[in-house]
Structure formats: C-alpha cells, structure tokens
Amino acid sequence: MKRSYRRALFLSSAAGLVLMAQPVFAKEDPTEEAAPVVDEAGDDAGGEIVVTARRQSERAQDVPIALSVLTGASLERTGGYTLTDVQFQTPSLTAYNSNPRNSSIGIRGIGVSSASDGLDTSVGVYIDNVYLGRPGMALSDLIDVDRVEVLRGPQGTLFGRNNSAGVLNITTRKPEFTFGGTAELSAGNYSYNQERISITGPLIDGLLAFRVTGFNTHRDGVFDNIKTGIGANSVGRSGGRIQLLATPASNFTLRLSADYSIEDDTCCVSATKLVLPASLSATTNRTLQTLAALGYVPAPNNYSQNNALQNMKTDQKGVSLQADWDLGFASLTSITAWRYWHFNPLQDSDGTPLDVIQVNVAQTKDDQYSQEVRLASPPGRFSWQVGAYLFHQKLKDHFILNQFGTDASNFYTTYARFANPAAPAIVIAPGSQYLDDVDTTVDSVAAFAQANFSVTDRLTLTGGIRYTHDKRSGTSDTSTIGTPYVPTSIPFHYDVSVTDDNVSYLASISYKLADDVLTYASYSTGYKGSGLNLNSAVSAGTPLVLAPEKVRNWELGLKSQFFDRRLTLNLSGFSTNLSGLQANIVPTNGNRSYLANVGDVRSRGVEVDASLRATDNLTISANGSYNDATYKSYANAPCPVGVTGICDLTGKPLFQAPKWVGNATIDYHFELANEVRPYALAQVSYRSSTFGTADAGPYSRIDSYALANFRIGAAFGKGRYDLSAWVNNVFDKKYFQNLSTTAIVGTSPFAYSGQLGTPRTAGATLRVNF
C-alpha cells in the first residue's frame with residue numbers, strides 16, 4: 001500500500017508538471033500571482049485585504065466565511081511573530097504548547113489536545129498551500145509573512161487535508177521583480193535579540209525572481225531554576241527560506257520554495273500552581289509523605305527545582321513547488337511538497353529536585369509528502385473548483401518512557417512501606433530504562449469540489465463536497481534496559497490499522513443587502529480520521545482504535561462596512577455539534593496518559609470583529625467571542641483527582657475552551673516636519689477562566705487573565721526607517737497557559753502545574769527598508 005501511495009504521489013506530480021510544460025513564450029510584462037492589496041495606513045480598518053480562504057483571490061469582506069486576517073504589516077507593526085501573538089489578536093483561537101511535540105491549535109474550543117502520533121489535527125495549518133502534518137512544524141517564527149488567515153468552522157471542501165475545526169492559512173511574501181528588502185534588529189531584557197532579513201529582486205528580468213529570508217531569535221530563560229542555575233523557558237530559534245519565482249509566460253508561473261529552521265532552547269518547564277491536600281485521598285497522602293521523607297516538600301512557586309537539564313531541540317526542512325497555468329477556461333494549480341521534522345528533547349520528568357525519573361522523552365522523526373491538484377474557473381456568475389489531494393506521512397518515535405535515577409529505589413521502597421511497613425525493598429539500577437519504539441504510517445486520498453452560483457447580483461448560492469479515504473497503521477513495541485520498576489514498565493506490542501471513508505459537504509447562501517453589507521448562512525460537516533492508541537499500555541476496556549470525529553456546523557454571519565469603509569463590523573453566530581471528541585486522558589492514579597473518545601461536544605456562540613478608522617490618524621480595532629463549549633454527552637468519563645469511580649461530565653465545560661475572549665488595539669500616528677511619522681500602539685487581551693484537563697476538575701481551573709502591550713515609535717526617512725520601543729505584558733501579569741497534574745509515574749498526583757506566560761519584557765526594534 002505504501003508503495004502504491006508513493007507511486008500515486010510521484011505520478012500525479014509528474015503528470016501535473018508534464019501538462020504544464022507545454023510550449024510557452026515569455027512576454028516582457030509577465031502577470032504575477034495574485035497578491036493582497038493592502039492599505040498600509042490602515043490595513044485592518046477599511047483597507048482592501050485580499051485573501052485566498054476559498055483558494056481564489058477575493059476581498060475578505062466578500063467571503064461568506066467566519067475568518068480573521070492579520071496582514072504581515074500589522075504583525076510587524078505590533079511586534080508579533082508567534083502563534084501566541086496571533087491568538088491574542090483573533091477571536092476563538094487557542095494555541096496550546098506543552099512542548100514542541102505536544103502542541104496543538106484549537107478553534108471554538110475544538111482541537112486543543114496534546115498531540116499524538118495516533119491522531120490527526122482538528123485545525124489544519126497551511127504555509128503557502130502546504131499542509132503541516134505535525135502542529136510543532138508551525139512553531140517556527142512567522143517571519144516575512146504576507147498574511148495569516150484564521151478560518152473558523154469545517155473547511156474540508158477546499159483545503160487538502162481534514163480540517164474539522166478550522167484552518168490557519170499562512171501565506172509568505174513571494175519574490176518580486178523589483179529589487180528591495182527589509183532588515184530588522186530587536187533587543188530587550190532577558191538578553192533578547194532578534195535579527196530578520198529579507199531580500200528580493202530579479203535574477204533574469206521579467207523571467208526569474210528570488211527572495212531570501214533569514215531570522216534568528218534568542219531570549220534567556222524567564223523561569224529561574226534554583227537547582228541547576230540555568231534559566232528555563234528560554235527561546236532559541238533560527239532559520240531561513242529561499243524562493244524562486246519563474247514567469248516564462250503571462251499565463252504560467254512556477255514558485256519554488258525551500259526552508260530550514262531549528263530550535264534549541266529550554267522551553268516548556270512548568271510551575272507548581274497548587275499542592276493537593278493530603279486529606280484528598282490515602283494515596284495522595286502517601287505520595288506527599290514519601291516526597292517529604294526524601295527531603296522534598298512541594299509548594300506553589302515561581303521557580304523550578306528540577307534537577308535534570310531541559311533542552312528542546314527541533315530541526316525541520318521542506319521543499320515545495322507550486323505551478324499555476326491559466327488555461328483560459330480555467331486555472332490549473334499543482335502543489336508538490338515534502339517536509340521533514342525532527343524532535344530530540346531532554347527534560348526532567350518527575351518535576352522535583354529528586355533523581356527519581358531522569359528522562360521521559362520522545363525522539364520523533366516525521367517525513368511527509370503531499371500532492372494537490374486544483375482546477376478553478378475564472379470569476380463569473382457560475383464559478384467552480386475541483387481538486388484532488390494525496391498525503392503520505394511516516395512517523396518514527398523512540399520513546400524513553402522512563403529512565404530511572406539514583407533516588408528511584410529509595411522513593412518506590414518508601415512509597416510501598418508507607419502502605420505496608422513490611423514491604424520488601426525495591427531495587428532499581430540507576431539508568432534503567434523502559435522504552436517504546438513506535439512506527440506510524442498515514443495515507444490519505446481526497447477529492448473535492450465547490451461551486452458558486454450568483455442567482456442575482458446580490459444573491460449567491462454555494463455548495464461543496466469532499467470525499468476522503470484515510471488509512472492509518474502503526475506498531476508499538478516496548479523493551480527494557482537494566483532493572484526498571486516493574487509496575488510502571490508493562491510490556492506491550494501493538495500492530496493495528498484502521499481505514500476510513502468519509503463524505504463531507506457545505507451548503508451556503510449569501511446575500512448583499514448593500515454593496516458593503518453581506519449576510520450569509522451555511523451548514524457544513526467536517527471529519528477527522530480515526531486515531532490509534534500507541535504510546536501507553538491501555539487498561540482493559542480501552543480501545544486501541546479511536547472512532548473518528550464528525551462535525552456538524554451551522555453558521556450565520558454579517559460582514560459590513562460603513563462611512564466610506566472607515567468602519568468594519570463583522571458578526572458570526574455558530575452552533576457546532578461534534579461526536580466522538582478525541583482527547584488525551586491523564587489518569588489520576590499515576591499511570592501514563594492515553595487517548596480516548598471523550599463523548600459528544602457542543603460549541604455555540606457569537607464572534608465579533610470590528611475596526612474603526614476614527615480619523616486619518618487614529619484606528620481602533622477590537623474582536624472577541626463568547627463560546628459555550630460543553631460536553632453534550634459524556635456519561636462514562638474519568639473522574640477528577642480525589643473522586644473515585646466513573647463520573648458523568650454531561651453538561652460540563654470543555655477543557656481549554658475559555659467562554660470569553662476579547663482583544664483590542666489602539667493605533668495612533670501623526671505627521672511632523674521632514675516626513676517624520678511618530679506613532680503609538682496599545683493592545684489589550686482578555687481570556688476568561690477555563691479547565692486545563694478533560695475531567696473538568698476544580699483543581700485544574702486556569703484563572704482568567706488580561707494582558708497589555710505598549711509600543712511607541714516613529715517612521716522617518718520617507719518610510720525607509722522605523723524605530724520603536726515596546727513593553728509587553730506591561731503590568732507583569734502572572735498567568736498559566738495550561739494546567740495538569742504533577743505525578744511521579746506509579747504514584748498518585750500530588751500537585752497541579754503548568755507553564756507560565758512570559759513575564760514583562762521590554763526592548764527596542766529598528767527596521768530598515770531598502
């Protein structure tokens with residue numbers, strides 16, 4: 001099967017290129033690929049922002065989809081360069097990151113679960129039309145970006161891969177035939193420095209252009225480790241991208257892109273928020289007694305005492321080729337891509353200053369190949385698109401599930417003897433390991449189509465359909481080295497596969513009440529393929545194969561602009577029903593986490609996205625969402641810490657799904673003599689409280705928080721130079737981004753901990769355009 005899929009990928013790629021390699025003739029003024037037209041004076045407040053949310057260039061205000069757009073200019077102006085920055089500027093988006101491998105993205109409360117080799121993502125991330133098979137691939141800095149589109153709700157009838165919750169569509173700036181570039185240097189506290197450079201221009205005038213982009217970002221750790229003296233949660237990322245754009249004819253373009261990036265830092269160390277009371281349960285009391293007997297008394301803290309080094313290393317690279325051929329009656333697009341992602345971490349795994357579990361990591365290698373072919377009609381009363389998509393992914397993981405340290409024998413012996421003083425001594429040789437090697441293969445074939453019919457100049461009907469065939473297979477084999485603790489080193493061997501077929505569809509109606517007022521209603525379905533439980537010894541009754549997620553989504557929306565497009569007001573109301581939500585379950589008995597379908601979910605709410613250019617100098621923008629995301633049916637649920645048996649979570653809030661989200665920006669500038677343009681920006685973001693774990697336990701509640709960022713600066717030299725000073729998290733708000741139990745494997749949880757957000761940072765940025 002693997003060979004046949006690879007053969008299909010190769011043949012479809014070759015066929016697309018052969019079709020396009022017909023005799024063509026260069027012209028002196030080639031027509032370049034459609035790009036967004038942005039009014040830089042106020043690109044988010046009445047400027048003509050063009051998006052490709054429906055795989056064709058359209059004004060964002062004319063697209064009957066709930067979407068938010070951040071232009072590259074607005075990201076640069078606010079200093080944003082990560083998915084977290086995008087999260088704080090758009091409604092209903094949650095970027096979850098417990099480490100580069102276990103990261104995920106959620107929209108409207110759906111999709112936020114620890115990543116696993118056995119699962120697809122609910123929110124598809126695309127960079128230059130290429131789907132990223134692992135969420136960690138999207139954690140690289142957003143440098144030299146043209147725009148970021150956040151599409152909310154199922155999007156499967158146009159995008160290549162399964163996107164049951166939404167899409168994050170990232171488009172980078174393409175090569176240009178006019179020489180130019182940008183260089184940027186930033187510096188700040190915690191030894192922060194960031195360097196960016198982008199250069200573009202012609203190699204062969206009118207025929208071949210290039211673009212080279214590079215970046216380096218460094219920041220020291222912001223979370224002290226009083227045990228090792230090495231600051232945790234540092235940032236260390238760098239990389240580059242090279243692009244070539246060939247225009248051999250006015251109706252034919254080729255865009256070749258290659259990129260490489262690395263991460264090497266001390267990311268993702270947790271802080272203890274609370275210690276569980278000893279009275280909660282006999283096993284909790286026993287865990288706390290054992291820790292105290294070995295000299296450690298856990299407490300809420302603003303520092304780490306982990307005794308092992310933390311080092312997160314990733315490297316990724318990729319190549320893509322996009323060919324666009326205007327055939328007259330339609331445009332043919334072929335996108336061929338390969339990507340590789342490697343994760344090689346080192347982290348303390350018991351979360352204490354003791355040397356019980358030295359290492360618990362997954363060394364991951366991900367190879368993926370994709371091929372997409374689309375045929376799209378030109379705009380008109382009846383417009384259509386058809387396409388096909390092929391995807392092959394090969395994942396290899398070497399898990400060090402547990403590597404036992406010098407305190408392991410003493411810890412487990414003491415823990416056993418607090419229950420039974422006559423228990424025999426437990427002997428574990430330091431360095432003993434419990435290992436697991438996982439090999440996962442994913443193959444997917446899809447065909448999709450969508451059409452728009454303008455009944456009148458104001459009324460448009462849209463319909464779309466998608467067929468997907470998925471196959472996922474995996475093996476998982478454990479082994480041991482030395483004498484690991486037997487109760488936590490259960491041997492298992494899995495060899496399992498699952499095949500799915502799905503048909504998803506979209507029906508939409510839109511009506512223009514006026515030239516700049518669009519209303520729409522839609523019903524769509526979405527799908528996320530079956531999953532596999534491969535990374536832990538599942539308990540009796542826990543299936544190895546997870547059922548697919550299936551989504552039904554109803555949407556009502558309004559997109560409007562008033563007062564010569566100075567005021568933009570977009571509203572959307574949604575109701576989403578999802579059956580079989582796939583999630584990561586963290587047991588409260590100290591066993592390893594596992595995957596499960598956690599019942600049916602309903603997410604419904606309202607989103608608003610507005611901007612006002614109050615004067616030629618003042619722009620105010622705001623967006624927010626109310627999202628009531630609950631378990632619609634989850635009667636056989638795991639219980640929170642301290643509760644035994646089986647719990648019914650029906651009607652309880654969904655985890656990592658804040659009910660209220662709000663963001664606002666004030667942007668003011670004015671003109672001085674000598675073409676100096678001072679400006680000031682203020683940003684505020686708010687997220688209401690939510691739960692950090694699927695069991696909705698009271699100890700896992702993440703408190704609400706609000707953040708403020710300020711920036712002042714000036715553009716001068718006819719816009720060639722821009723110098724600014726900035727402060728992020730101005731009031732130094734302490735807040736948790738995630739929260740889960742802290743436990744030493746084989747014992748009960750004793751605390752809840754999570755990653756703190758970045759404290760107050762300050763610095764300056766100089767940008768030069770040439």
Here the residues within region 156-204 that are modelled with pLDDT under 95 and more than 20 Å from residue 335 (Cβ to Cβ) are 164, 165, 166
Taking region 115-131 and keeping residues touching a helix residue (DSSP H, G or I) at 6+ places or on another chain (Cβ under 9 Å) and either part of a strand (DSSP E or B) or open to solvent by less than 10 Å² (accessible area, probe 1.4 Å) (or both) leaves 123, 125, 127
Checked pairs for region 61-76, first at negative phi, second modelled with pLDDT under 90 and open to solvent by 20 Å² or more (accessible area, probe 1.4 Å), C-beta under 6 Å and 6 or more apart or across chains, list as 69/49; 71/38; 73/40; 74/44
Among the residues of region 636-665, the number that are part of a loop (DSSP other than H, G, I, E, B) and not basic (Lys, Arg) is 19
In region 471-488, anything assigned to a loop (DSSP other than H, G, I, E, B), in contact with a strand residue (DSSP E or B) (Cβ under 8 Å, 6 or more places away or on another chain) and open to solvent by 40 Å² or more (accessible area, probe 1.4 Å) is listed as 482
### Message
Suppose the filter is under 30 Å from residue 301 (Cβ atoms) and aromatic (Phe, Trp, Tyr); does residue 343 pass it?
### Response
yes
Taking region 626-638 and keeping residues under 24 Å from residue 742 (Cβ atoms) and open to solvent by less than 10 Å² (accessible area, probe 1.4 Å) leaves 637
Turns out the strands (runs of 3 or more DSSP E) fully within region 259-358 with at least 2 residues that are open to solvent by less than 40 Å² (accessible area, probe 1.4 Å) and within 19 Å of residue 745 (Cα to Cα) are 271-275
Flagged in region 540-564 as in a loop (DSSP other than H, G, I, E, B) and either under 30 Å from residue 492 (Cα atoms) or in contact with an Asp or Glu (Cβ under 7 Å, 6 or more places away or on another chain) (or both), in numbering order, are 540, 541, 542, 543, 544, 547, 548
Looking across region 609-625 at residues that are of a type outside the set (A, V, I, L, M, F, W, C) and assigned to a loop (DSSP other than H, G, I, E, B), the single one that is surrounded by the most Cβ atoms within 10 Å (Cβ to Cβ) is 617
With respect to residue 569, is the statement that it is part of a strand (DSSP E or B), in the same structural domain as residue 288 (by the TED database), buried (at least 17 other Cβ atoms within 10 Å of the Cβ) and at negative phi true? no
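Each row is one residue, and each column tells you yes or no for (1) in contact (Cβ under 8 Å) with a residue 12 or more places away in the chain; (2) assigned to a helix (DSSP H, G or I); (3) within 24 Å of residue 545 (Cβ to Cβ).
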residue	(1), (2), (3)
399	yes, no, yes
416	no, yes, no
423	no, no, no
429	yes, no, no
446	yes, no, yes
450	yes, no, no
461	yes, no, no
469	yes, no, yes
Margin query: Taking the conditions exactly as written (at pLDDT below 95, crowded, with 17+ Cβ neighbours inside 10 Å and within 30 Å of residue 458 (Cα to Cα)), does residue 380 satisfy them or not?
Written below: no
Heads up, the strands (runs of 3 or more DSSP E) in region 683-770 (entirely inside) with at least 1 residues that are of a type in the set (A, V, I, L, M, F, W, C) and touching a Gly at 6+ places or on another chain (Cβ under 7 Å) are 721-728, 761-769
If we keep only residues of region 199-245 that are of a type in the set (Ser, Thr, Tyr) and without any contact (Cβ under 8 Å) to a residue 60 or more places away in the chain, then the residue surrounded by the fewest Cβ atoms within 10 Å (Cβ to Cβ) is 238
Of (1) more than 30 Å from residue 415 (Cβ to Cβ); (2) within 30 Å of the chain's Cα centre (by Cα); (3) assigned to a strand (DSSP E or B); (4) free of Cβ contacts under 8 Å to residues at least 60 places away in the same chain, residue 511 fails just (2)
The residue from 606, 601 that alone is under 19 Å from residue 116 (Cβ atoms), among the aliphatic types (A, V, I, L, M) and either in the same structural domain as residue 508 (by the TED database) or assigned to a strand (DSSP E or B) (or both) is 601
Residue 85 passes all but one of the listed conditions (1) open to solvent by 10 Å² or more (accessible area, probe 1.4 Å); (2) in contact with a Phe, Trp or Tyr (Cβ under 9 Å, 6 or more places away or on another chain); (3) at negative phi; the exception is number (2)
Please verify whether residue 387 is open to solvent by less than 50 Å² (accessible area, probe 1.4 Å) and not in a strand (DSSP E or B), treating the condition exactly as stated. no
**OP:** For region 531-539, indicate whether the set of residues that are in contact with a Lys or Arg (Cβ under 8 Å, 6 or more places away or on another chain), in the same structural domain as residue 161 (by the TED database), in a strand (DSSP E or B) and under 29 Å from residue 631 (Cβ atoms) is non-empty.
**Re:** yes
Taking first residues from region 150-177 that are without any contact (Cβ under 8 Å) to a residue 24 or more places away in the chain and second residues anywhere that are surrounded by fewer than 24 Cβ atoms within 10 Å (Cβ to Cβ), the pairs with Cβ under 7 Å that are 6 or more apart or on different chains are none
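The values are calculated or read from the model by the stated rules, or taken from the named source; none is laboratory data. Predicted model only: the values in this text are computed from it and were never measured. Cβ coordinates were reconstructed from backbone atoms using ideal geometry, including for glycine residues, and neighbour counts include every protein chain displayed. The accessibility values were calculated without ligands, DNA or RNA, using every heavy atom of the protein model including side chains. Shrake-Rupley method; radii C 1.70, N 1.55, O 1.52, S 1.80 Å.
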